[in-house]
Each structure stands twice: as structure tokens, then as C-alpha cells.
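Only the coordinates and a few stated rules stand behind these numbers; no lab work does. In this text the structure is predicted, and so the values were computed from the model without any measurement. We place every Cβ from the backbone using ideal geometry, glycine too, and count neighbours over all the protein chains shown.
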Amino acid sequence: MDTKQLLGNLATRLEIEPATASRLLEGFTEVIAEECRNLNKVAIPGFGSFTGEKRDETVVRDLTTGRRLLLPPAIEVHFTAGGRLKNGLGEGHEL
């Protein structure tokens, strides 16, 4: 499913215009990103949780040149599926 199909399905289920669905999805992703940047956890009951975790800077060696490289610190977003999502996907039932 691509973005256009996702927005179409969301608009149909919510009985709203596709442009409104697009703004809702954009707002949702902005909230998740902002909270993860602040290293907070966003839990959505039944669906799962998003957690921002800071990865420290790391020194790695380039295998082809042998040079050492410094990777800067970064925020990684981790997703843990909730029970309803796991059960729905695992058993092939509609959510």
C-alpha cells in the first residue's frame, strides 16, 4: 500500500475528505517525531508504542580503507507492537 492508498482508505473509513486525512496523518507523524526527539514514549493502546532512544557517538572502521570514522549521536525510533495488533496479524483476523 502506498501513501495515496493509505490516505484514501483512511478518508473512506473516517468519512472525511482525502485532504483532511492527509493533514491528520501529517499531524500524527509530527507529534510522534517530536515526542521521540524529546526521548519520550508515545503509547497507543492496542496498536503499540513509539520510543525515542539516543544512540551515542561511535567510532567505526571503514573496512575498505581502514580509516576510522566518527558517527555522530542520533535519535533512533523504536516501535513495539501492542497486543491487539500482534493478535490481529498473527492469527490472520481483521483488526
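Taking the square roots of five times each eigenvalue of the Cα gyration tensor of the stretch 1-50, the equivalent ellipsoid has semi-axes of 24, 12, 9 Å, listed largest first.
Other residues lying with their Cβ under 13 Å from the Cβ of GLU35 contribute a combined charge of -1, Lys and Arg counting +1, Asp and Glu -1. By the helix-only formula, in which each DSSP H run with n ≥ 4 contributes -39500 (n - 2.57) and the sum is divided by residues, the chain has a 222 nm mean residue ellipticity of -13500 deg cm²/dmol. Taking Lys and Arg as +1 and Asp and Glu as -1, the other residues whose beta-carbon sits under 12 Å from that of GLY46 total +2. For the chain, set up a Gaussian network in which alpha carbons nearer than 10 Å are linked by springs, and say which option among GLU30, GLU17, GLU76 fluctuates the most. Answer for the Gaussian network model of the chain: GLU17. In straight-distance terms, cross-link reach from LYS54 covers every one of the lysines whose alpha-carbon lies under 25 Å from its own, apart from those fewer than eight places away in the same chain; here that gives LYS41. The Cα-based radius of gyration of the chain, divided by its Kirkwood radius, gives an Rg/Rh of 1.14.
Taking 0.36 nm per residue of sequence separation and removing the Cα-Cα distance, the THR51/LEU69 pair yields an extension gain of 3.7 nm. Could you work out how far the C-alpha centroid of the stretch 1-19 sits from that of the stretch 58-88, in angstrom? What the calculation gives is 31 Å, centre to centre.
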